[in-house]
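Structure first, commentary second.
The values are calculated or read from the model by the stated rules, or taken from the named source; none is laboratory data. Note that the coordinates shown come from a computational prediction; the quantities given were computed from them, not determined experimentally. Counting neighbours? That spans all protein chains shown, and the Cβs are built from the backbone with ideal geometry, glycine included.
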Amino acid sequence: MTAIAQPSNIGGAIRRAAQSHPDRDALIAADIRLSYDKLWQVCRVFAVRMNDAGIGRSTRVHLLSRDAIVSVAVMAATSLLGARFEIFSGAAQPSGNDDVILYSPDQVAPKVGRSILISPEWSPRFSQVGEEVEQGFAGYGAASDPWWTLYTSGTTGTPKALLLTHQMAFDRSIAVRSDFQGAKTRFTSLFPCNTRPFFVRAMAALVNGATIVDTFESRFMAQEGVNLVAGAHKQVQDWAAANPDQTRFSTLQVSGAKVTADIAAKYLERFDIVEDVYGSGETNKSFVTRYTATKNGIDCVGVPQDSTVEIVDDDGGLCGVGEIGTVRISNGYMTDGYVDAPDATAKSFRDGWFYPGDLARWTTDGALDILGRVDHVLNLGGAKVDPLEIEAALTEGAGVRKAAVFADPASAPASRIVALLELFPGHDADRTIRDATDHCRSKLGPVRTPESVLVVPEIPVTLDGTPMRRDCAKLFKSLFPKPSLNEKDKTC
């Protein structure tokens, strides 16, 4: 069976979409509009070029590009050829004989490994491919063959590698078809096209026949009828700051950090629905907390997805509403573990469940209230302190773009909490620190208010916007190397 006939082949799915609705918009940018038929022409030319370069089932393709069309085409072409796919990053150095780096003209040629430039000649304008050629695309040997190597965010240490099979990737796309409802959905990703969150959503959009609108400009989004936007908090905030026209859109999906009612209220000024998406590379999208604005305030409700999500106590018993416990997740397309990391696998994957290491509780509205990481929750004199809760309170202050809260690296064992703040332009550091900490103190009390706060140009975060607390602690220590005083501090 060739790739185009394989039911779980992502490239084959795009070809079937091109046959079913050839003239429907697949990918739109400011300077180009590709129908599904035209996108398929790009994908199959890429597959031919890659095949001519010797790329096949034994090859690991590392993609280096910030071009959305190139990114989608390479992703599809690897599945058509049965090759392995990976985003080029510092997490792994492609140095083996089976490693090939494909890079687009917008990138600098990498200095490691074998690399191939994706030149303009890869365009269908210069390469005509007959239908008989696509019949020769080998595809995968089995749907259970590994296809996509992706990496965890690294917020809890060194990034760990995960392997998605062709079947897992396809099933994950089908599982979110309620988000990508064919011609009804026109989608913009605020995630850069060289990140896992972009590829996950782009793959799902195309498998389900939706349209990707590749832009950061709200007016172009409105012109093209965008009704679904996805991004991390920082990306959403940057987008809102760059597009102050107050154009409204239907749905915003935010991931990477907790959405509080106050944050949701800000986002609801631009969107009808705000969804706090809970998921990971290990499991895909697992749960949604949905916010809407009503006459009586902000409504919040939990929306289960195609996963079983439970909160359990230390003995494995189910927690009731309001009881704090550990989250565990199960579905039919979660990964089996981490590559070459048996200890991490044994810790997080047990008896058919994935334990992401989050503390949470169920609310009376059925929402999943994430309280923090098991290994991030601090115990200060017997009081458990949740960094996420404090960060949310700090970012409610005027002028605060992002906050990171952690134990003072100068105190061992942990006896004080400190914070880094990243501000919006034009805000005074002294006043912003004072206002943010006063608000935090009034909302959470003195124990949960950072004793020292530094303002930095940029807080270290992962690609999905989650603070990298270890790096934050190192940065704090470098800026404040001496034992902290019991007063608020600042730097620029």
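Observations on the model:
- Identity of the residue in segment 422-458, surrounded by fewer than 21 Cβ atoms within 10 Å (Cβ to Cβ) and among the hydrophobic types (A, V, I, L, M, F, W, C), that ends up modelled with the lowest pLDDT: Val447
- For first residues located in segment 7-22 and farther than 12 Å from Ser35 by Cβ and in the same structural domain as Gly141 (by TED's automatic domain parsing), partners that are modelled with pLDDT of 95 or more and hydroxyl-bearing (Ser, Thr, Tyr) and lie 6+ apart or on another chain with Cβ distances below 7 Å form the pairs Asn9/Ser79; Asn9/Tyr140; Ile10/Ser79; Gly11/Ser79.
- Taken over segment 178-214, residues that are in contact with a helix residue (DSSP H, G or I) (Cβ under 8 Å, 6 or more places away or on another chain) and not β-branched (Val, Ile, Thr) amount to 19.
- Within segment 281-298, the set of residues being at pLDDT 95 or above and either touching a His at 6+ places or on another chain (Cβ under 9 Å) or among the charged types (D, E, K, R) (or both) comprises Glu282, Lys285, Arg290.
- Criterion: within 23 Å of the chain's Cα centre (by Cα) and surrounded by 23 or more Cβ atoms within 10 Å (Cβ to Cβ) - qualifying residue of Ile10, Ile55: Ile10
- If the condition is being assigned to a strand (DSSP E or B), at pLDDT 95 or above and under 21 Å from Ala241 (Cβ atoms), then segment 254-274 contributes Val254, Phe271, Asp272, Val274.
- Any hit, segment 27-46, residues being closer than 21 Å to Gly113 by Cα, over 23 Å from the mean Cα position of the chain (by Cα) and buried (at least 20 other Cβ atoms within 10 Å of the Cβ): yes
- Flag if Pro159 is within 18 Å of the chain's Cα centre (by Cα) and of a type outside the set (Lys, Arg): yes
- Restricting the first member to segment 380-399 and to residues that are closer than 15 Å to Ile370 by Cβ, and the second to residues that are of a type in the set (S, T, N, Q) and assigned to a loop (DSSP other than H, G, I, E, B), the beta-carbon pairs closer than 8 Å and six or more apart or on different chains are Ile390/Thr449; Ala392/Thr260.
- Screening Asp306 with (1) touching a residue at least 60 places away in the same chain (Cβ under 8 Å); (2) buried (at least 20 other Cβ atoms within 10 Å of the Cβ); (3) among the acidic types (Asp, Glu) gives one miss only, at (2).
- Every residue from segment 24-42 that is acidic (Asp, Glu) and closer than 18 Å to Ala204 by Cα: Asp25, Asp37
- Condition met for Lys184 (out of contact with any Leu (no Cβ under 7 Å at 6 or more places or on another chain), of a type outside the set (Gly, Ala, Ser) and under 30 Å from Gly297 (Cβ atoms)): yes
- Count - residues of segment 63-79 that are under 13 Å from Ile32 (Cβ atoms) and hydrophobic (A, V, I, L, M, F, W, C): 5
- The listed residue being among the aliphatic types (A, V, I, L, M), modelled with pLDDT of 95 or more and in contact with a Gly (Cβ under 9 Å, 6 or more places away or on another chain), out of Ala183, Ala204: Ala183
- Residue within segment 118-135 that is touching a residue at least 12 places away in the same chain (Cβ under 8 Å), touching an Asp or Glu at 6+ places or on another chain (Cβ under 9 Å), surrounded by 22 or more Cβ atoms within 10 Å (Cβ to Cβ) and β-branched (Val, Ile, Thr) present: yes
- Top-ranked residue in segment 369-384 [being surrounded by 15 or more Cβ atoms within 10 Å (Cβ to Cβ) and over 17 Å from Ala257 (Cα atoms); ranked as farthest from the chain's Cα centre (by Cα)]: Leu380
- Within segment 444-480, the residues that satisfy the criterion of being under 22 Å from Gly256 (Cα atoms) and in contact with a Phe, Trp or Tyr (Cβ under 7 Å, 6 or more places away or on another chain) are Arg469, Cys472, Ala473.
- The sole residue among Phe220, Phe216, Phe187 that is buried (at least 21 other Cβ atoms within 10 Å of the Cβ), among the aromatic types (Phe, Trp, Tyr) and closer than 29 Å to Ala76 by Cα is Phe187.
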